[in-house]
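Dumping the structure here so I can ask a few things about it.
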Amino acid sequence: MIVVSERDVPALIDVGGAFDAVSAAFAAMASGEARNFPVVREALGHADALYGFKSGFDRKALALGVKSGGYWPGNAKRDLTNHQSTVILFDADTGQPSALVGGNHLTALRTAAASAISIHHLAPPGARTLGILGAGHQARFQLQAALAVHSFDRVIAWNRSPEKLSSLAKVAADHGAAFAPVDLPTLGREADVIITITSSFAPILMDAHVSGPTHIACMGTDTIGKQEVEPALIARARCFTDEVAQSVTLGECQHAVAAGAKPAAEITEIGAVINATHPGRGPDDVLTVFDGTGVGLQDIAVARAVAAHAVETGVATKIDL
Ligand code: NAD
């Protein structure tokens, strides 16, 4: 098997590589050729850590693997990333491990790829202004990927602590886009596309904030109880997701579905749009939402791309188990 260290991963995959790998995984999920297995997530009762696995199999790509890891809140004090993960890939014919790949940078890239894929397929025609809520670790990656796949000339942003927005201003400047910090009503009114990427447990973006043709990629809600947007927004939107089972239980749609404001049957997997079995944004759709919950097949897809490139470029370390 090969080992690709966390240190080597950023040079082995870029935004475009992650976009292609995750698109193919979403497409295979929607056509029934790939499925995610039930997620395990447990509080360890040690170091305040949350630990778990995300796993799946893509029969079309013969991609089999597991991402294992979680959240260790004390890591920052040790100069380590709080989110820690590692992907193991297996040979689908024999079950033998084929690659061990550092998963921290890949998690950020595959999450950013998901919102970028939704923007590519669902942004309203002529979208020029991108709004982003949140300025934590993940926000920078979401912004980079969005600016790479769609031609925005302006980025407007809101964060609970506005001083953190400077990291996003730099990303916008690197892409030649104007940048402005704004309040929530301005963001909702002026943005054609909005990415939410906070760890909030209560709605921040309200229905009254959002007007005109808009696409919202809800990316922060990946756990039961988290919430970033008012359920009325979900109720009036045409909704898409990575996986319906996760969207209705732990994604942004969980609240509107539980309240009976959005039937689960009206939430479509984005892979169906990629496969052109669903038309995506319709001519009468004002608001579209993508509920990006994060699935194991995303992790496996980007780790496979990295492993293949590592072998091609001689970066992979070979070991015998
Ligand atoms: P982070 O801790 O670096 O940043 C958190 C952000 O949320 C900051 O901007 C902070 O100001 C904001 N925030 C926290 N509580 C808030 C509140 N009550 N109201 C408004 N803003 C609030 O985290 P991160 O790594 O940037 O991740 C952001 C979110 O994305 C987390 O919830 C994380 O679990 C989630 N996430 C989702 C996926 C996915 O696949 N969908 C993948 C990775 C991370």
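The values are calculated or read from the model by the stated rules, or taken from the named source; none is laboratory data. No experiment lies behind these values; they were computed from the predicted model shown. Every residue, glycine among them, receives a Cβ derived from its backbone with ideal geometry; neighbour counts consider all protein chains shown. Just so you know, the surface numbers come from the protein's heavy atoms only, side chains and all, with ligands and any DNA or RNA stripped out. Shrake-Rupley method; radii C 1.70, N 1.55, O 1.52, S 1.80 Å.
How big is the gap, in Å, between the Cα center of segment 104-137 and the Cα center of segment 275-321?
13
If you don't mind, another one. Can you figure out the FRET efficiency of R160 with V286, using R₀ = 35 Å and their beta-carbon distance, to the nearest 0.05? If you can, show how the numbers build up before the last one.
On the way: r = 28 Å, r/R0 = 0.80.
In this case the efficiency is close to 0.80.
Here's a follow-up. About the Cα centre of the chain, what is the dipole size in debye to 20, counting +1 per Lys and Arg Cβ and -1 per Asp and Glu Cβ, all else neutral? Walk me through the intermediate numbers first.
Numbers: 24 positive and 32 negative charges, 64 e Å.
Around 300 debye, computed over the chain.
For segment 120-294, taking Cα atoms only, what is the radius of gyration to one decimal and the Dmax to the nearest whole Å?
Cα-based Rg and Dmax for segment 120-294 come out at 14.9, 44 Å.
Post the alpha-carbon centroid distance, segment 1-75 to segment 224-247, in whole angstrom.
22
Return the distance in nm (one decimal) between the two label points of a simple spin-label model at L44 and L62, each offset 7 Å from Cα along Cα→Cβ.
Label at L44, label at L62, 3.6 nm between them.
Right, next: With a cut-off of 17 Å, note down the residues of segment 29-45 whose backbone N falls inside the zone around a label point 7 Å from the Cα of K77 toward its beta carbon.
In segment 29-45, the label zone of K77 (backbone N under 17 Å from the point 7 Å along Cα→Cβ) covers 45.
Taking 8 Å as the Cα distance limit and 6 or more residues as the minimum spacing, I'd like the relative contact order of the chain as a percentage.
Working: 733 pairs, mean separation 71.2, N = 321.
Averaging sequence separation for qualifying contacts and normalising by length gives 22 percent for the chain.
Related question: Once you charge only the Cβ atoms, +1 for Lys and Arg and -1 for Asp and Glu, what is the size of the charge dipole of segment 120-294 about its Cα centre, to the nearest 20 debye?
Working: 12 positive and 18 negative charges, 64 e Å.
Roughly 300 debye, rounded to the nearest 20.
Pick from G260, G271, G188 the residue whose mean-square fluctuation is largest in a GNM of the chain, springs joining Cα atoms under 10 Å.
In this elastic network of the chain, the residue with the biggest mean-square fluctuation among G260, G271, G188 is G260.
Which semi-axes, in whole Å and largest first, does the equivalent ellipsoid of the chain have when worked out from the alpha carbon gyration tensor as the square roots of 5 times its eigenvalues?
On the way: eigenvalues 186, 95, 77 Å².
Each semi-axis is √(5λ); the values are 31, 22, 20 Å.
Suppose the chain between A261 and S5 were pulled fully straight at 0.36 nm per residue; how much longer would it get relative to their current alpha carbon spacing? Working shown, then result.
On the way: separation 256, 0.36 × 256 = 92.16 nm, distance 4.52 nm.
Here the segment from A261 to S5 would lengthen by 87.6 nm.
Would you be so kind as to identify which of A61, H46, I2 lies farthest towards the positive end of the dipole of the chain, taking Lys and Arg as +1 and Asp and Glu as -1 on Cβ and the Cα centre as origin?
H46
Hand me the trypsin sites (Lys or Arg not before Pro) from segment 95-195 located in a DSSP loop with no more than 12 other Cβ atoms within 10 Å, in residue order please. Kindly include the intermediate steps, with their values, before the conclusion.
Values: sites: R110, R128, R140, R154, R160, K164, K170, R189; in loops: R128, R160.
Filter output for segment 95-195: R160.
Still on this structure, please answer the following. Please state the charge dipole magnitude for segment 84-216, taken about the Cα centre, from unit charges on C-beta atoms (+1 on K and R, -1 on D and E), reported in debye and rounded to the nearest 20. Before the final figure, lay out the partial values.
Details: 8 positive and 9 negative charges, 53 e Å.
It works out to roughly 260 debye.
Still on this structure, please answer the following. Between 0 and 90 degrees, rounded to the nearest ten: what's the tilt of helix 296-313 against the longest Cα principal axis of the chain?
Approximately 50 degrees, to the nearest 10.
Say R0 is 35 Å: what FRET efficiency, to the nearest 0.05, do D183 and D20 get from their beta-carbon distance? Mind dumping the intermediate values first?
Numbers: r = 37 Å, r/R0 = 1.05.
Once the sixth-power term is evaluated, E becomes 0.45.
Now a separate question. When DSSP beta bridges are limited to those with both residues in the chain, what percentage is antiparallel, rounded to the nearest 5? Don't skip to the answer; put the middle values down first.
Details: 31 of 65 bridges.
Around 50 percent of the beta bridges assigned by DSSP in the chain are antiparallel ones.
Mind pulling the angle between the C-alpha long axis of helix 137-149 and the longest principal axis of the chain? Nearest 10 degrees, somewhere in 0 to 90.
On a 0 to 90 degree scale, this one is about 80.
Using the heavy atoms of the protein chains alone and a 1.4 angstrom probe, what is the accessible area of the chain per residue in square angstrom?
Working: 13970 Å² over 321 residues.
Value returned for the chain: 44 Å² of accessible area per residue.
State the percentage of accessible surface on the chain attributable to carbon and sulfur atoms; use a 1.4 Å probe and exclude ligands, DNA and RNA. Walk me through the intermediate numbers first.
Working: 7660 of 13970 Å².
Ligands and nucleic acids excluded, carbon and sulfur give 55 percent.
Just the accessible area for M206, please: 1.4 Å probe, Å², rounded to the nearest 10?
Rounded to the nearest 10, the figure is 60 Å².
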